[in-house]
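Worksheet: one structure, shown below.
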Amino acid sequence: MAELKEELKGKIIEVLNLEDIAVADIADSDPLFGEGLGLDSIDALELIVLMDKEYGIKLSDPKQGKSIFQSIDTMAAYIAENRTK
Amino acid sequence: MKKSRYINGIGAVTAQGIWRTDFFTESQPLQQAVNAAQQPSYRELISPAMARRMSRGIKMGIYAAQQALDEAQIDIPDAIITGTGLGCSEDSEKFLRNILDNDEEFLTPTAFIQSTHNTVAAQIALRLGCKGYNFTYVNRSVSFESALLDASMQLQDAEATDILVGGVDEVSDHTFRLLQLVGHIKPSDVHETIHDSNSPGANYAESATFFTLSQQKTAYSYCEVQDINLQNKLSQGDLAAFTKEFLERNGLHAGDIDALVLGYNGDKEFDGWYDIFECIFPSIPSIYYKHLIGQCDTSSAFAVATAAKLIREQIIPAIIQRNQVTLDRPLRNVLLYNQFRGEDHSLVLLRSC
């Protein structure tokens with residue numbers, strides 16, 4: 001799981017072009033939206049594509065995203081449970 | 001009654017850096033086939049959260065636009081009008097590459113949103129909170145001139161008082177490789193300046209050049225935009241008549257023009273157009289600028305910046321003068337001529353104010 005979280009942080013930084021942020025700057029429990037990383041709705045769409053492309057997870061219900069994308073912890077847990085690749 | 005249109009502010013981001021007082025004394029002719037712009041720090045203008053989604057073209061446009069507004073002391077213009085030949089090509093390429101690489105799946109929104117040609121004008125408006133007229137012209141090498149013509153007509157018809165108008169084009173890998181393949185850009189192993197060019201193609205570069213155009217003259221006014229004319233196709237034999245007609249509609253003849261600013265870009269096959277044009281106006285200073293900022297579809301916007309600066313300062317820096325004619329009278333009427341590969345001809349007449 002720790003490895004998945006590190007990989008996920010790296011992918012998020014790359015996909016969202018978070019220029020001034022390193023993997024070490026993101027705590028597993030930091031909120032991704034709002035006060036934490038400060039991501040927004042366009043980033044949410046990018047994360048949905050990332051989940052599909054990298055882990056084979058299709059989020060059909062956008063409401064799911066709110067709980068899944070709370071933090072690296074919640075994302076990694078969902079990916080570990082549902083990934084198809 | 002004809003309303004005046006004054007250039008009250010200029011901003012630019014180019015291969016020689018940003019628009020500044022010592023721009024011409026600190027510039028060096030380009031020798032590379034493809035040149036990136038010298039990027040300023042954007043931190044003061046664009047938050048990192050916004051900047052991470054922006055390509056260079058968008059950031060350059062925002063920076064140049066703000067410079068032009070600051071100089072004119074305008075917070076929010078009545079309209080924003082831009083010209084671009086290729087638009088946000090970096091994001092267009094990214095989006096198209098994703099389509100191909102991912103078999104039309106997994107298309108991310110950011111590159112798509114930012115890939116449209118009007119992205120720069122839109123981002124400037126969003127940042128300023130400008131809800132006025134917002135338009136982008138995509139007319140190859142007269143894209144900027146089309147924007148300038150629109151701005152002039154808006155001011156003429158009193159649709160607006162202060163207009164932000166500019167041109168922007170960015171370098172992108174794939175598109176520029178293709179332009180090199182078809183010979184529009186010089187081969188990478190050719191290192192010629194415009195002055196010593198002996199080959200077809202031009203040295204390309206990205207740039208953004210913006211102006212605040214206003215009805216009111218201020219203490220900062222550079223000059224007045226007197227007239228603009230565009231012509232897609234023209235024969236070399238008709239160039240003199242095309243120019244004469246333009247001058248006549250402005251109550252001028254060739255002897256009234258005090259200097260020329262020409263779009264020489266080092267393409268051996270097409271620079272002859274400018275030689276013909278020069279012959280219509282013997283014995284006046286001839287100025288060029290693309291040896292410093294490179295060729296792109298909207299690089300002619302920098303001709304307006306160059307001419308405006310010359311008119312305001314009444315000095316022609318040696319680095320931009322092509323011929324040896326000494327300036328022996330005040331620079332009052334300056335005529336700009338640009339074409340690209342024998343098409344998209346434009347004339348812009350600037351007058352001191």
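The values are calculated or read from the model by the stated rules, or taken from the named source; none is laboratory data. Small disclaimer: the values here were computed from a predicted structure and weren't measured. When we count neighbours, we look across all protein chains shown, and the Cβ atoms used for this are built from the backbone with ideal geometry, even at glycine.
Which condition number does B:Ile10 fail, the rest of (1) among the aliphatic types (A, V, I, L, M); (2) more than 19 Å from B:Cys88 (Cβ to Cβ); (3) more than 16 Å from the chain's Cα centre (by Cα) being met?
(3)
Of these, B:Arg5, B:Arg20, B:Arg43, which one is surrounded by fewer than 16 Cβ atoms within 10 Å (Cβ to Cβ), of a type in the set (Lys, Arg) and away from every other protein chain (no Cβ under 14 Å)?
Going through B:Arg5, B:Arg20, B:Arg43 in turn, the sole match is B:Arg20.
Kindly evaluate B:Thr108 against the criterion of being more than 14 Å from every other protein chain (Cβ to nearest Cβ) and hydroxyl-bearing (Ser, Thr, Tyr).
no
Does B:Ser146 satisfy the condition of being among the polar types (S, T, N, Q), farther than 27 Å from B:Val225 by Cβ, within 21 Å of the chain's Cα centre (by Cα) and away from chain A (no Cβ under 14 Å)?
No; evaluated as a whole, the condition is false for this residue.
Quick check: anything in the stretch B:41-64 β-branched (Val, Ile, Thr) and in contact with a Leu (Cβ under 9 Å, 6 or more places away or on another chain)?
For the stretch B:41-64, residues β-branched (Val, Ile, Thr) and in contact with a Leu (Cβ under 9 Å, 6 or more places away or on another chain): present.
Quick test for you: out of A:Ile26, A:Ile72, pick the one residue that is touching a residue at least 40 places away in the same chain (Cβ under 8 Å), in contact with an Asp or Glu (Cβ under 6 Å, 6 or more places away or on another chain) and buried (at least 16 other Cβ atoms within 10 Å of the Cβ).
None of the others qualify; the one that does is A:Ile72.
Can you name every one of the helices (runs of 4 or more DSSP H) wholly within the stretch B:196-313 that holds 1 or more residues which are surrounded by fewer than 24 Cβ atoms within 10 Å (Cβ to Cβ) and of a type in the set (S, T, N, Q)?
Fully inside the stretch B:196-313 and qualifying: B:239-249.
Has the stretch A:53-69 got any residue that is under 15 Å from B:Ala49 (Cβ atoms), aromatic (Phe, Trp, Tyr), in contact (Cβ under 8 Å) with a residue 24 or more places away in the chain and within 14 Å of chain B (Cβ to nearest Cβ)?
For the stretch A:53-69, residues under 15 Å from B:Ala49 (Cβ atoms), aromatic (Phe, Trp, Tyr), in contact (Cβ under 8 Å) with a residue 24 or more places away in the chain and within 14 Å of chain B (Cβ to nearest Cβ): absent.
For the stretch A:1-16, what are the residues that are touching a helix residue (DSSP H, G or I) at 6+ places or on another chain (Cβ under 8 Å) and either loosely packed, with under 14 Cβ neighbours inside 10 Å or on the phi > 0 side of the Ramachandran plot (or both)?
Within the stretch A:1-16, A:Met1, A:Gly10 qualify.
If the requirement is being assigned by TED's automatic domain parsing to the domain that holds B:Asn134, more than 26 Å from B:Glu313 (Cα to Cα) and at pLDDT 95 or above, which of these qualifies: B:Gln28, B:Gln32, B:Gln38, B:Gln66?
Criteria check complete, one pass: B:Gln32.
Taking the options A:Leu37, A:Leu47, name whichever one is in contact (Cβ under 8 Å) with a residue 12 or more places away in the chain, more than 10 Å from the chain's Cα centre (by Cα) and within 14 Å of another protein chain (Cβ to nearest Cβ).
A:Leu37
Please go through the stretch B:139-161 and give me each residue that is β-branched (Val, Ile, Thr) and within 18 Å of B:Ala65 (Cβ to Cβ), ordered by number.
Listed by number, the list holds a single entry, B:Thr161.
Within the stretch B:310-318, does at least one residue satisfy the condition of being under 19 Å from the mean Cα position of the chain (by Cα) and touching a residue at least 60 places away in the same chain (Cβ under 8 Å)?
Yes, the stretch B:310-318 contains a residue that is under 19 Å from the mean Cα position of the chain (by Cα) and touching a residue at least 60 places away in the same chain (Cβ under 8 Å).
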